[in-house]
Amino acid sequence: MQKTSRTFPRCPLAGMALSLLLAACAVGPDYRRPDIATPTQWQAPLPHDGQLDQLGNWWAQFQDPVLDELQRAAQADSPSLDKASAAIRLARANLRSAGAAELPTVKGTTSSTQSGTKQGNGAMPVTTTTGRLDASWELDLFGGTRRSVESGSALRDAREADWHDARISLAAEVATTYVGYRACQLKLSAYEDTLRSQRATAELTQLSVKAGFTAPADGSLADAGAASASASAIAQAAECEVSIKSLVALSGLDESRVRSLLGSRPATLPQPATRTVDSVPAQLLTQRPDLVSAERAVASASAQIGVAEAARYPSLTLNGSISLSASSGTSSLPWSFGPTLTIPVFNGGALAAKVEAARANYDSALATYKSSVRTAVKEVEQALVRLDGAVRREDDARRSAEGYRAYVTASEANWRAGGTSLLNLETARRNAITAELNLISLQQARVEYWIALYKAMGGGWQADAPSKASTEQAPPPRI
């Protein structure tokens, strides 16, 4: 925790007002970025030994124009990004307001009045015109205003980082939803294939039952299997519709346009390009915008300690005014100038309490930053572990699905030849559809783990000064 001194800053005493002004003293702690301990290397296995492509333009590496269009639409019209942009504008306005306190304030007034006394019919009114300028300037003797500007500047940086974090989160959500829709289509296709097969089996079984070659129980079993497959297909189709509604909300496009886009390509899972995981955990501190935002919040809280501390010291304000009054051919030009020194004598401990509150806010922001760093490291490690597990399981899942499909084909031929029971065929079908769905779910999870890793590594964003300078007068451009 940073400490502040309750004593006056070390400034020359002679010529107190001018000397303190020139010395530019500022009470409160000078901010230093917290030193957060992070691991020196990742503990989870790196996919492809870390020899992969860079994060930049990662979505384009899917080579899926539908996903590209959805991403562009979402980034161009998103309430979450609009909210983040508004927060940036608010932070910049507050910063300008804090900086304005360093300058003198000047206020002008003017008035014109007529007066007179009625004396018969020849009385003439007297017109009096007055103009007045009032100026005041509170000297920033102990740096309270400067600390306020420091705080506002840090908050502006935090809001800009929040905007980038919102972009990354939105892109990941769009991609995850799109991948979920494509996986849903594949699962629906598997259910429909099974349904067609079971309906054909049910029709043949009913013909055999009517001919007296098959027991009625087998006919009921065949009908039950077809009905179960139909219900599963209907439920899966509904889930696909839900995914479409989500993509409409995320992209802001008309539903007809989203359906047209989704129908322009076959139902296949997009395959992410490989990417690099060569950074060490400590680099996350500048690679993830949410961590940059958390660190800037710590800097803002640190500056607020100085703001609260400066309020405990005397303040010096220079006041001046000049007036011009003209009436009946005569004029006057009164003026005044003088300093006002305000000394907090007794406030019941309120100012000291504000300093303690500022220190508590700093400790809270620092704790949040430390927690965010640990969470970031955990998210990367978990994504790496899950991705590694999915990659190593996929070959087994594929062999399982292929084996069960081959077994179902053989069982159907054997059943038609009378070599096996309908119950054995239905059991083979259940095992086959389960294996097929497991394979699709695993392939979906593998892509989603790549997306999670993309997000956990900061989405390719890098904190740099030029990008902040280029967005000083306007919200960051949509990319």
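Quick look at the numbers
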| item | result |
| --- | --- |
| Distance in nm between pseudo-label sites at ARG265 and ALA360 (7 Å out along the Cβ direction from Cα) | 5.3 nm |
| Accessible carbon and sulfur surface of the range 102-257 relative to its total accessible area, %, 1.4 Å | 55 percent |
| Protection proxy ranking, peptides 420-430, 343-353, average beta carbon neighbours within 10 Å, highest first | 420-430, 343-353 |
| Gain in span if fully extended, ASN438 to PHE213, counting 0.36 nm per residue against the direct Cα distance | 77.3 nm |
| Gain on full stretching of the segment that runs from ARG72 to THR127 - 0.36 nm per residue minus C-alpha separation | 13.1 nm |
| Order by protection proxy (mean Cβ within 10 Å, highest first), peptides 316-323, 81-88 | 81-88, 316-323 |
| Extension gain (nm, one decimal) between THR113 and ARG96, 0.36 nm per residue minus Cα-Cα | 2.3 nm |
| Cα-based convex hull volume of the range 303-451 per residue, rounded to whole Å³ | 307 Å³ |
| Estimated FRET transfer efficiency when R0 is 25 angstrom, pair VAL391-GLU239 (beta carbons, to 0.05) | 0.45 |
| Cα Rg, Dmax (largest Cα-Cα span) when computed across the range 293-346, Å | 21.5, 66 |
| Highest to lowest packing among 196-208, 445-457, scored as the average C-beta count within 10 Å | 445-457, 196-208 |
| Size of electric dipole in the range 320-469: Cβ of Lys, Arg +1 and of Asp, Glu -1, about Cα centre, debye, nearest 20 | 100 debye |
| The range 234-383: Cα Rg divided by the 2.2 N^0.38 Å rule of thumb | 2.11 |
| ³J(HN,Hα), Karplus 6.51/-1.76/1.60, whole Hz, each residue of the range 380-386, x for Gly, Pro | 5, 4, 5, 4, 5, 5, 5 |
| Simple label model, 7 Å out from Cα along Cβ direction - PHE346 to LEU423, nm | 9.6 nm |
| Taking all pairs of distinct alpha-carbon atoms in the range 398-443, Kirkwood radius in angstrom | 10.7 Å |
| ASN431 paired with VAL248, simple spin-label distance in nm, labels 7 Å along Cα-to-beta-carbon | 4.3 nm |
| Estimated Rh, the range 121-161: Kirkwood, alpha-carbon pairs, angstrom | 15.3 Å |
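The values are calculated or read from the model by the stated rules, or taken from the named source; none is laboratory data. These numbers come from a predicted model, not from an experiment. Because the Cβ atoms are built from the backbone with ideal geometry, glycine has one as well, and the counts that use them run over all protein chains shown. Keep in mind that these areas ignore ligands, DNA and RNA; they rest on the heavy atoms of the full protein, side chains included. Shrake-Rupley method; radii C 1.70, N 1.55, O 1.52, S 1.80 Å.
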